[in-house]
Structures are given as structure tokens and as C-alpha cells.
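The values are calculated or read from the model by the stated rules, or taken from the named source; none is laboratory data. Since the model is a prediction, treat every value here as computed from it, not as a measurement. Glycine also receives a Cβ, built like all others from the backbone with ideal geometry; neighbour counts cover every protein chain displayed.
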Amino acid sequence: MKKDLIELIDSQKEIEEKFHPFNGGMGTSFERISDVPEFQSWIQEIKLELQEIYDRTHDTFVWETVNLCGKRLDGFTEKKYFLELSGKLQAIRKHIDKYYPEEKDVSRLLELQGGAFQVKKKPLIFISHSSKNKAHVAKIAELLRSINLSPRRDIFCSSLPGYGIPNGANIFDFLRERFLNYDLHIIFVHSPEYYESAVSLNEMGAAWVLKSNATSLLLPGFDFPGMKGVIGSDSIAIKLDGDHAEVKDRLNQLRRELETEFDISDNEDIIWEEARDKFIREINDPALGKQDNITPASIAVTEEMKQLLKKVAAVPEGQILIDADWESGTYIQIGSEVVAKEYPDRRQYAIWDEALNACLRAKYIERKSNAICVITNAGYKVIE
């Protein structure tokens, strides 16, 4: 959004103050910022906003800036890099209306409804759920991605990495901003655990007050009489372990509704049907519920996990950077070392990626943002 990008660009002076001396060896000294979590969060948010502009405009200058945001930094030329990036961002800031013409031309943003002008909001899916049902919710998010909905741009889900609240943001302010500034479609994930969560019930109440679009999904084993509160058993809902043909039909209706809300028209039916049928199979797999109850003690520590933890523990900041560029695809960087990259060695990358995800599940590593992970006290103890 225009407002978000302006705020990010205007905060670059504050980010620049995070530079600190870096010993380059042989008596040389440089200024470094790539190891600062605040910088990494800022650059990822900038990249996300610019990518959204490029997706709409295919502007060459924006694409060059997106690539610059993804450049790997080595500690030696970071001040020069930051000055180049700042120059590009200031140029975009100066011509910001060019990239958001619909916000400049107010008449295109406003609709006359009941004699009053109302701002047309951007759509957003909000998955209201209990964190205890995270494995089930991950399958729901996967299904939504099959109709070209973006986890970063179109879907908000607090318990899934990459879908949730940015590092450093206040959870209540963040949620309030989403409720007020987006045209929400809320997907309620009903389960016994949902009704035990005060946060989930507050989300339900807020959605009812704001008259948001809503879809109710009943997890396997949960029945209509269990629906309570303002979204009760008289509401239209999809019982995911109900009649197979009916579940398919209801999910097809949800797909068409979301494609209309997000103005998506180029999805292939066969891709959707495969994703839908896979979702129905997996969401009803009894083993899925067990994944929600995984504890660190139940996860065997592999040699690859130990290697990863040792590398992270060896760097002073104790953090991992997960990013991407055109040359390497997604890569995993610890300190100044890129330990794995998607290209050209996909197999080696898969080994490290699997170890990282296992450490996240075991809580030996935790996410601080979409791009930054840090080792936990439990992680240090594993390698002591």
C-alpha cells in the first residue's frame, strides 16, 4: 500500500543509524548493517511492497530496486550499497503517484453508496483459528495458495511463518489496522480448541461488528451444534469431514467467491481440482491432528540439525537469514556464510531446509521475521 511504502522509505534515516564498525582484518575497518535484525526486517518489507508494485506495473526501475533489495551483503561495501538503495527509494518516493495512480485519482477509489462516499478497500483473507490447530490451518493456507493467493499479500494467519505479524509490531495495533483498512474475508476454523481461546472469540466478535465476509470451516470431529457465539450453528459452514460431494461443492463455491473478491480470472480448473482433492484427503488424515501436539521432546535431533545449530551458535548474533535472489533462488545464510542455496545444488539446499524446519518445530530456533530466525536457549543446550 502507498502509505506503508512511504512510511518505510521515510524511516531509512533511522535504519541508517544502525550501521556499526566492522573489522575487515589486516587493519581495515568498515561499516556494517546486514547483521542487524531491524535492517533485515526493513529491507524485506521494502522488497515486499516493491514486488507488489512490479506485479501490477512491470516497471523496470522498480524491478532493479527489488533485485538490489535481494543482493547478498558481505560487510565490506554495505555503506555504498545503502547509499545506492536510498537513492533509488527516494526516486520512487518522489514519483510515488506514478505507482499508485488509483490512489491519486480519488474518483476511481470512491464509490457512491447510500449518499456517502466510501473508500474502496483492498481485500484480505484473515484466518481466525486456534494456534493448537496449526497443522490443519497450514493445509487451509496451502489450498488458498492454489488459486494464486499470496501468503504475504493476500492472507493473514498469525501462527504460520510468512503469513503473520512482522517482527517488532504490536499485535493489537497490527490486527486493528487490518480490520479497519482492509476488506476482510474471515475464515473461521471451528474446533473445540477454538472456543477455548479468548483471542479467537474476540476475533469472531470483531468480525461480526464490522460485518466482514465470512466462511466457517468445521475441522474433522467438530459438529454444527458446537458452534457458539455470534457465528452460530445457523450460519452457513463447511463441515470438512462431511459428505464428500457436498464438501467438494462448498469448496468450489468458496473458490469462486474468493476469485471474485480478489479479481482473479486466470486459474486452471485442473490445478484447483487436484489441490482441492488433496486438501480433503489430508485434512481428514487422523495423523494431522497429532502434528498439532508435537513437542520438542518428541522430535529426534538429527546430525544435520546439530550441524545447523552449531553454525548458528558460532556467530555472535545467533541468527539465520533466509532470502532469495535471481542467481541462487532461496538461500540460507549464517553470519557471512551462505550454507545452502536452491540453485545450482537443490539437493543440498533441501537437506539444510529440512534441518531448519525441524529445528523450528522443536523450538530450537524461532522466527523473528519472514527472513530472520534466531537460535533459542533450548537450541544452545542441544549442542552443549
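Okay, here's what the table says:
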{"read-out": "Qualifying helices (runs of 4 or more DSSP H) (wholly inside segment 1-101; at least 1 residues being in contact with a Leu (Cβ under 6 Å, 6 or more places away or on another chain))", "value": "2-10, 37-57, 60-69, 78-94"}
{"read-out": "Residues satisfying the stated conditions in segment 245-272, i.e. of a type outside the set (D, E, K, R) and touching a His at 6+ places or on another chain (Cβ under 8 Å)", "value": "L258"}
{"read-out": "Test: residue in segment 232-239 that is in contact (Cβ under 8 Å) with a residue 12 or more places away in the chain, more than 15 Å from L143 (Cβ to Cβ), within 25 Å of the chain's Cα centre (by Cα) and in a loop (DSSP other than H, G, I, E, B)", "value": "no"}
{"read-out": "Inter-residue pairs, beta-carbon under 8 Å, first assigned by TED's automatic domain parsing to the domain that holds V301 and surrounded by fewer than 20 Cβ atoms within 10 Å (Cβ to Cβ) and in segment 342-369, second assigned to a helix (DSSP H, G or I) and aromatic (F, W, Y), 6+ apart", "value": "E342/Y349"}
{"read-out": "Residue within segment 341-355 that is part of a loop (DSSP other than H, G, I, E, B) and either at pLDDT 85 or above or touching a Cys at 6+ places or on another chain (Cβ under 8 Å) (or both) present", "value": "no"}
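Residue-by-condition table, conditions (1) under 17 Å from R145 (Cβ atoms); (2) under 25 Å from the mean Cα position of the chain (by Cα); (3) loosely packed, with under 15 Cβ neighbours inside 10 Å; (4) modelled with pLDDT of 90 or more:
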position	(1), (2), (3), (4)
L258	yes, yes, no, yes
E268	yes, yes, yes, no
K278	yes, yes, yes, yes
P286	no, no, yes, no
K290	no, yes, yes, no
A297	no, no, yes, no
M305	no, yes, no, yes
K311	no, no, no, yes
